[in-house]
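What follows is one structure encoded as structure tokens, with my remarks underneath.
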Amino acid sequence: MQTRDEIYNTLSNILINDFEIESEDLSLEANLYEDLDLDSIDAVDLVVKLREITGKKIEPEAFKQVRTVNDVVNELEKLAA
């Protein structure tokens, strides 16, 4: 099972490499839509990418409530538990 830090690092790598987010813009408090400029298509792509990495089905309903990087980490922690 991954630790919270490992989950954050994995998520950060995805956002930096696949979504061209600047590393200095990333923090747990960063809002995916306002601070990182992700749109709804990016959000779907992120869920697909996370599903590939975790090997677990991610329910779209769970991710409708996600707004910050911390929210994503929390949802991934729930999946890993």
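The values are calculated or read from the model by the stated rules, or taken from the named source; none is laboratory data. Computed from a predicted model, the values in this text were never measured in an experiment. Every residue, glycine among them, receives a Cβ derived from its backbone with ideal geometry; neighbour counts consider all protein chains shown.
ALA30 falls short of the stated requirement of being more than 15 Å from ALA80 (Cβ to Cβ), surrounded by 14 or more Cβ atoms within 10 Å (Cβ to Cβ), of a type outside the set (Asp, Glu) and at pLDDT below 90. Of the residues screened, ILE16 is not one that is outside any helix (DSSP H, G or I) and modelled with pLDDT of 90 or more. Summed over the stretch 1-51, the residues that are touching a Ser or Thr at 6+ places or on another chain (Cβ under 8 Å) and in contact (Cβ under 8 Å) with a residue 12 or more places away in the chain give a count of 8. Tell me which residues, restricted to the stretch 51-76, are within 18 Å of ALA30 (Cα to Cα) and part of a helix (DSSP H, G or I). Of everything in the stretch 51-76, those that are within 18 Å of ALA30 (Cα to Cα) and part of a helix (DSSP H, G or I) turn out to be PHE63, LYS64, VAL69, ASN70, ASP71, VAL72, VAL73, ASN74, GLU75, LEU76. Selection of the stretch 30-81 for residues being of a type in the set (Asp, Glu) and on the phi > 0 side of the Ramachandran plot yields only ASP37.
Selection over the stretch 29-44 of residues that are part of a helix (DSSP H, G or I) and farther than 15 Å from GLU61 by Cα gives a count of 2. Selection of the stretch 1-27 for residues being in contact with a helix residue (DSSP H, G or I) (Cβ under 7 Å, 6 or more places away or on another chain), among the polar types (S, T, N, Q) and exposed (fewer than 11 other Cβ atoms within 10 Å of the Cβ) yields only SER23.
Residues in the stretch 46-76 that are among the acidic types (Asp, Glu) and surrounded by 15 or more Cβ atoms within 10 Å (Cβ to Cβ) were compared, and the one that is modelled with the lowest pLDDT is GLU75.
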